[in-house]
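Since the structure comes first, as structure tokens, the remarks are kept for the end.
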Amino acid sequence: MALLAGCSEASDDTGNGATDEDDGSNEPIDGDLPTYASMLPTNDRSAYFYGAIDVGTMTTLLEDEGAEAGEEPTDPLVGNPVVVALLCSFAIQQLSSSAGRDAYLDNNETPDGEEQFVYADGVYAFVGSYDRDGLATDLESASYTVTAETDAYAVYTNDGSDEVVGVADDVYAYSYPNGSDADFDPVAAVERTVATAAGDQEPKHEGDAKFERLLRAGENGGIACCLYTDSDEFAPETLSDDQATDEESLQFEFGALDGAFGIHQQLVVTGTDAAATASAVVTYSSEASVDEARLESALGTQAETVDFVTTGSSVEIDAEYGGQFARE
């Protein structure tokens, strides 16, 4: 995994001072956008999910003596980000066995520690710096065919597999058909991603002030994940559907979000004993919709300490965990 990916915890501090009128508030939107916000594409679905991870956390969770084994998290403040890590690990394994692996490795110019891995809109993406000319030559040599191309990005399909690859100066993206979603078009999804990264399409946060507010309110180090709907509250099927799952046992759990329209979570694993800190911001369309009691009954249940603070129509959660998820 370390051969293929690294991530940073840097934040984009541009664009502060924006306001959000969608939830009835004219208060400034505080906080920084994650650096990868500029590649999160707009799509035509109401519900939206993404996850991002840095390589240090991935290594601790999946390879080191830390949290690979031990007590399985049943607390969604920990479990949801861990499923993001497993999802990204699976995607990196797919890349490692793909025909495009060497093209990606040979043309990756990202400085050490500055590359990020993001899953959004059904697409896996490395965010960094890449030699597009070299990628074009190497991908075509590996039997990839151009299906869409502009001066800013290109999209390829592979003659021997279902893989779709998209490249821009700062993104290497890939995806596959989704057997459980016949409407998912990996070619269109990959092109949205690289076109957005290249500035040819508007990123989601620029056209959706509620989504921007949620991104700015959340923390982005370690593992981050976000579930959002542009409706006033999540549809029941959004909260019950698995955005993704670990085939062994772990799956996302968003049942406590009934009545909310967004959650942004973060998990940071600290030290060799797999101690961790977790945070979340849950947003509602109005103060009357806030259900802190429901959140308290489901989130932070395995934490050593957990705090819930309700401010207006949002709830902020901060929790600290010992090494209970570490291998004995």
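The residues of the stretch 149-229 have, on average, 36 Å² of accessible surface per residue, using a 1.4 Å probe with all protein chains present.
Here the gap between Thr305 and Val146, fully extended at 0.36 nm per residue and compared with their Cα-Cα distance, gives a gain of 52.0 nm. Measuring with a 1.4 angstrom probe and ignoring ligands and nucleic acids, Arg101 comes out at about 60 Å² accessible.
Were the residues from Asp169 through Glu114 laid out at 0.36 nm apart, the gain over their Cα-Cα distance would be 18.4 nm. Apolar share of the accessible surface for the stretch 47-321: 40 percent from carbon plus sulfur atoms, 1.4 Å probe.
Note on Asp106/Asp200: beta-carbon distance plugged into 1/(1 + (r/R0)^6) with R0 of 41 Å gives a FRET efficiency of 0.95.
The largest accessible area among Arg132, Arg294 belongs to the first residue in Arg294, Arg132, and the rest follow in falling order (1.4 Å probe, all chains). Length available on full extension from Glu237 to Thr74: 0.36 nm per residue minus the Cα-Cα distance, which gives 56.6 nm. Defining a contact as two alpha carbons under 8 Å apart and six or more residues distant in sequence, what relative contact order in percent does the stretch 47-321 show? Answer for the stretch 47-321 is 20 percent. Would you tell me the accessible area of Ser38, worked out with a 1.4 angstrom probe on the heavy atoms of the protein chains, in Å² to the nearest 10? Approximately 50 Å² of Ser38 is accessible to the 1.4 Å probe. Asp159 exposes around 110 Å² of accessible area when a 1.4 Å probe is run over every protein chain in place.
Which residues does the label zone of Ser286 cover in the stretch 293-325, counting backbone N under 18 Å from a point 7 Å along Cα→Cβ? Flagged as within label range: 311-315.
The values are calculated or read from the model by the stated rules, or taken from the named source; none is laboratory data. Bear in mind that the values here come from a model prediction, so they are computed numbers and not experimental data. In this analysis, Cβ positions are derived from the backbone assuming ideal geometry, glycine residues included, and neighbour counts consider all displayed protein chains. Each accessible area value is taken on the protein alone, full model and side chains, heavy atoms only, with ligands, DNA and RNA left out. Shrake-Rupley method; radii C 1.70, N 1.55, O 1.52, S 1.80 Å.
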